[in-house]
Structures are given as C-alpha cells and as structure tokens.
Amino acid sequence: MKVIKRDDTIVDYDRSKIAVAIQKANAEVTAADQIAPEEIDAIIDGIEALNRPRMLVEDIQDLVEQALVARNKFQLAKTYIIYRYTRALVRKQNTTDESILALLRNENKELAEENSNKNTMIAATQRDYIAGEVSRDLTRRILLPEHISQAHDEGAIHFHDADYFIQPIFNCCLINIGDMLDNGTVMNGKLIESPKSFQVACTVVTQIIACVASNQYGGQSVDLSHLGKYLRRSREKFKKHIAYECAGQVDEATMERLVDDQLRTELKSGVQTVQYQINTLMTTNGQSPFVTLFLNLKAGDPYLEENAMIVEEVLRQRLEGIKNEKGVYITPAFPKLVYVLDEHNCLKGGKYDYITRLAVKCSAKRMYPDYISAKKMRENYQGNVFSPMGCRSFLAPWKNEQGEYQFEGRFNQGVVSLNLPQMGILARGDQDKFWQIFEQRLALCFEAIMCRHNALKNVRSDSSPIHWQYGAIARLPKGAPIAPLLYGGYSSISLGYIGLYEVTKLMTGVSHTAPEGQEFALKVMNRLRKACDDWKAQTNIGFALYGTPAESLCYRFARIDKERFGTIPDVTDKGYYTNSYHVDVREPIDAFSKFQFESQFQSISTGGCISYSEVPNMAHNLEALEDVVRFIYDNIQYAEFNTKSDYCQCCGFDGEIEINEDFHWECPVCHNTDQSKMNVTRRTCGYLGENFWNVGKTKEIKARVMHL
C-alpha cells in the first residue's frame, strides 16, 4: 500500500507510524482509558484488511479515531484527535522549510521546469523563488478561504501564480508603447523623452520592457508597428546629414543609396539591440523578461514600408538565432513572435508575401513565430486585429471615451483554471452527476477568481509607477486608485480549463473529434463561456474564457488525479492531460483537419486560444508549410508550429544535423557523431496528409534508409 501525504508526496505504508501515534495518545490518558498493544495491532490489521492500493494519511487517521470510539475509548480518541490537531498546527506554522531547502539543493524539479526564462541555479532567481514560496504558504494558509486552498491542493482547480498573490500586482498586459515613445515616460525617477532615431527608440523599448517585467508576474506584448515612424526619422536625419556633407558632389541616386546603406545598418543594430537586450537583461525577479513582439503590417499605416523593413529584419535575426556561451547559434526562448497574416501577406500573391516566406523559414527551423489570421480574428472581435497578451490571453473589444477601440494599455487581473477530467472521473459516466459537479466547481472558480480581483481593488498608482503613472497602462496621478481600470471590461480576468478531450472520453467513451463527443464537448465549452458572460453581467468585470497554454498544469492535474484515482486508460495513464480544447496528440489527424476542427472552439474561447501542430524540422519542405500557413489564414484565428529541431548536446547546436558520407549523424558545428550526445529528429519527406501527426516520430529507421 502507498500513503499519500498532505504535501501530495507518496510514501510506502509503514504500520509502525500508526502504532507510535496511538501509543503517544495512550501515554496521555489514565490506565483505565488506555488500550492494550494487541488492540492497537487489531486496529492496524483492520486498516490493512481494506486492501487499498493507496490511502490518504487523513483517511488512515479517521479510521483510527472510528476504531477507538467503537471500543468505547472516548477519552483516548479525544486525546488522539488533540494530538492530530496539534500536529496539524505545527505543520501550518511553517510549510516552506523543505520546499526552500529543496530549491537551494536544486531538487525542486517542479519549479525548475515551471518557466523557460527562469534558471533556478542563479542566486537572484532563487531569491525570487524563496519569496514566492513564502507567498504561496501565506496564500494557502491565510489569504485564501480554506476550501479554495483545499480545492487547489486536490487539483479541482488551479489558483495560478499563488507565489505572487501577496503583492499588489497583476498578470499580463499589452504595453501602450506608442504613447510611451511619443509622449515620453519616467523610469527610476528619470525622464525619458521621445526618441529622435530608430536606434534610440529600440533602446528605450527594451528599458521599458525590463521595468514593466520587474513590476508584474506575467508576460507583456509590444506592437512593433510603433517603431516605423522612428525608422523614418532616422532616414530623414541621414538624408539631411548626407545632403549637407555631399552637397553638389554626388547625384540623387548615389545619395539615396548612401542613405539606404546607413539606414540598413541602423535597422540591423536596432533590432539586434532589442533581441540581445531582452535575452541578456535580468529583471528584479531574477529572469529574462517574458515578452512577445507583435508583427502586424497594417493596411493604411502611414509607416507601412518602414514597418515591413522592421518585421523582415526581426525575422532574419530570428532565423539566424543567437549565440550561446560556446558561440553556437541557438533559438532564444524570448522574445516570442506573433506574425499577422492579412490579404497582402497570406501567400496568395500579396505585396508582402516575401516576408511571410521568411516567417515560414523560421517556423521550419526555429519554432517561432506564431500566426494570427487577421481574417478570422476580425470575425471574432468585432472587426479588430490586436496582439495577445504575453500569457497568450486575448482582451475583449473595448471603446474609450472617444468611441475608438483600444487594446494597448490594458491588462489581465489573473487566472483560475478548472480541472475538467477530474469531474468526469467523479461522475463515473453519470451525466446528471457530472453537471451537478460542474456547477459546484464553477461556483468555486468564481469565488477564487474574485479573490484575485479583490486583492487589486485597493491598489494605488504608487505601487508601480511605470504601469499606472507613466504610460505602460495609464497616466494616473500619484496616489490615485487603480480600481476604475478593474471594471467595465477595460481589463480582463480569466477562467482557464484543462482536458476537454479527457472529460469527453470519460463521459461519452469517444474523443471530442467524434460526432457524439463533439456534441458533448461543445456543450461543456458553451457552458463555460456562458458562465463568464453571466459573471461579467453580474459584476461589470471583464470575465473571459481562456484556453491557457499552461503545459505544466496539464501534468500537475494528471499527476494529482492518478495518485487519487489510480491509472485510468487514456486519461491518467499518459501522465498529462490535453491542453484546453486541443485534439489528443495520439489521434491520427492531419494538420489541416486539426486546425479546422479546433477553430470552432477558438470562437467560443475568445479570452485565449492557440492551436498547435507538431512538425519535424522541415527546412527542405517549405512548400508544405506554406500550404498550412495559407490554410491558417482562411480557417483558424491563432496557430503555431512546434518544430522538432535537432539538438547537439556537445555544443548546443539546435539546427539541422545531417548524415555524413559514412551514413552517420554528424553535427555541422562540432562534428560530433556520438548519437548518445545528440537528439535527432527522424526526418521523413514532410508529407502532410493522413499520417502527418506522426511525421518525424518513427523510431527504428536506419541511417542509410533515411539518407536515401
């Protein structure tokens, strides 16, 4: 038998621990109230006779109490209960010691894998994690109602970012970078005026990103289209200078060439500044800024040509990668890139198709960018196209006092996510019971989300001047409350969900891609969306349904449920739950069908929706990826390729490992041929039809066959 402890760890059953606890209570009572050793053994034998594969430690203690009462040992039972309660108080007094020590010993794997931009070995990062563990402890024991903390611990819900809950900060945002560049900002008490050139504008943007990241816990997004005017300023400055220096000495064509050459140099340096600063900066919470760059070529933009140059250069540098400590080009985790497909760049003969082809090359080699279809997004958001926030959540359309749609300068207050499969497990196929549990869990989520909201209600602008006073979100006076920005839909607050596939399988016996399963899945999704809409009407707060890309949460929910309910085929046996509404990775479905199927859920989950397609390294089959990108534009709002890149452990190279003349894999950088020290994607032709989902996953293919 296994015993599940209060911290969710699993240990081997040890009967002596039960005996010791009873004996300690025995020693506190009179001889008449004591219990004989053979009776202690009988109580323990009774627990063991249940033959359960696993038990909660609380259940064992309950059985002991019941056995003592059944033997009329009421005083002993009372003493045992007091002993148990005292031990619980001791545990509640400090629950952080072991987690902090495990962090310092680098044994806390959950934290190590939680964020790609946090290195738990770095002292500054450890300091942030230590503070986070204290916050998590206070949140669980004091700040949250006990039943919400219990629901979180049991995996019924997930109260996101409890490690930051004690601070008056929010989740993620769209920085109002245009206002900050045009009208200036203040950082560390110093005035930053509007830049006069592209290079300076790029530097200011990175300073703003670092400052914003230090005062919130989620991601941030920056629309790079605001930089176009500064690139034009640089052009005008260069043209004026060269015209003065070369007056009457060169013809107009030569002068334009000199201006273009200088502008290209500044363009490359400015974009490089953004990329290198984001990857080398460390914020006050010990990590690189979690930032997304929004690449949108807007029709009618007066600086469209300049912005096309900027987007092209961003993609060129992303295609190249960034050098690691060994001088090898690798894919940086940040900044994330989101590229918008519109009529002029959707690979249908548009003027800017050449930039999209560059984006496709990046996707084939380096995983980013994500793709947004302007066509589909306009259908879902009242004709608007705008960036997701850093956490991949979307805002709802909102109009300012001038009657204009505004998205930048807005934010998300926080997230609570729902474990859908656990409800299916508890219902055991009973539809009535499932919907009863569903309504109870929705009420629990609402209460937990409101805890997030209520924590921000009394915050004043002084808590983060860069956000509230100097333009990232607003330009409020010193000491002003931020409460008005929490209402009316200006900001969002999110209900997340995990495991639509698994709960559908539990309740219908089939995947949500089957007709019967699809009907059930849509019913679940529409009920989630209605809950958000009802809460919004009830509270005047911008509730949003968020298909969170929280991969670590998929593992956490599955782990908890497997420990509690055991191995359930196609549910807990995988070790993870399927993210939000996504199709299970093991289903034989091609990329086109997957995106088309998932698109119907994106139009419901407008508070956050992204779909993925797993692809191998497809550098030699760009036409196939271009076909998928065209399909994205016409069929789905937000999609991304997860590219399976080769990786050499010797030098860190993450490009394409080729087969040499001896039919062995060989790293093109360090020439390593030891397969045990490299991860190689087993490449096939890249066919995107029936077996597309399994492309690149074949295990037993000889090198010679692969080469041929």
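Some notes on this structure:
- Identity of the residue in segment 221-266, of a type in the set (D, E, K, R) and touching a residue at least 24 places away in the same chain (Cβ under 8 Å), that ends up surrounded by the most Cβ atoms within 10 Å (Cβ to Cβ): Asp223
- Checked against the criteria, Tyr371 does not count as aromatic (Phe, Trp, Tyr) and in contact with a Pro (Cβ under 6 Å, 6 or more places away or on another chain).
- Test for Ile372: is it over 23 Å from the mean Cα position of the chain (by Cα) and among the β-branched types (Val, Ile, Thr): no
- Complete set of residues in segment 144-155 that are free of Cβ contacts under 8 Å to residues at least 60 places away in the same chain and open to solvent by 50 Å² or more (accessible area, probe 1.4 Å): Glu146, Gln150
- Test for Ser511: is it polar (S, T, N, Q), touching a residue at least 24 places away in the same chain (Cβ under 8 Å) and closer than 21 Å to Gly429 by Cβ: yes
- Any hit, segment 508-531, residues being charged (D, E, K, R) and in contact with a Pro (Cβ under 6 Å, 6 or more places away or on another chain): no
- Count - residues of segment 423-437 that are open to solvent by 70 Å² or more (accessible area, probe 1.4 Å) and within 16 Å of Gly566 (Cβ to Cβ): 1
- When residues in segment 166-205 are screened for being in a loop (DSSP other than H, G, I, E, B) and either hydroxyl-bearing (Ser, Thr, Tyr) or open to solvent by 20 Å² or more (accessible area, probe 1.4 Å) (or both), 11 of them pass.
- Hey, Leu63 open to solvent by less than 80 Å² (accessible area, probe 1.4 Å), in contact (Cβ under 8 Å) with a residue 12 or more places away in the chain and within 26 Å of Gly566 (Cβ to Cβ) or not: yes
- Counting the residues of segment 653-670 that are at pLDDT 70 or above and open to solvent by less than 20 Å² (accessible area, probe 1.4 Å) gives 3.
- Residue within segment 490-506 that is among the small types (Gly, Ala, Ser), open to solvent by 20 Å² or more (accessible area, probe 1.4 Å) and at positive phi present: no
- When residues of segment 156-165 are limited to those that are of a type outside the set (D, E, K, R) and assigned to a loop (DSSP other than H, G, I, E, B), the one least open to solvent (accessible area, probe 1.4 Å): Ala156
- The residue that is nearest to Ser603 (Cα to Cα), counting only those in segment 359-384 that are open to solvent by less than 20 Å² (accessible area, probe 1.4 Å) and aliphatic (A, V, I, L, M), is Met377.
- Of all the criteria given as (1) touching an Asp or Glu at 6+ places or on another chain (Cβ under 9 Å); (2) within 30 Å of Gly383 (Cβ to Cβ), the one not satisfied by Leu315 is (1).
- Considered as a group, the residues in segment 385-414 that are closer than 27 Å to Pro289 by Cα and without any contact (Cβ under 8 Å) to a residue 60 or more places away in the chain include one that is surrounded by the most Cβ atoms within 10 Å (Cβ to Cβ), and that residue is Gln406.
The values are calculated or read from the model by the stated rules, or taken from the named source; none is laboratory data. Keep in mind that what you see is a predicted model, and the values were worked out from it rather than measured. So basically every Cβ, Gly included, is an ideal-geometry build from the backbone, and we count neighbours across all protein chains shown. Just so you know, the surface numbers come from the protein's heavy atoms only, side chains and all, with ligands and any DNA or RNA stripped out. Shrake-Rupley method; radii C 1.70, N 1.55, O 1.52, S 1.80 Å.
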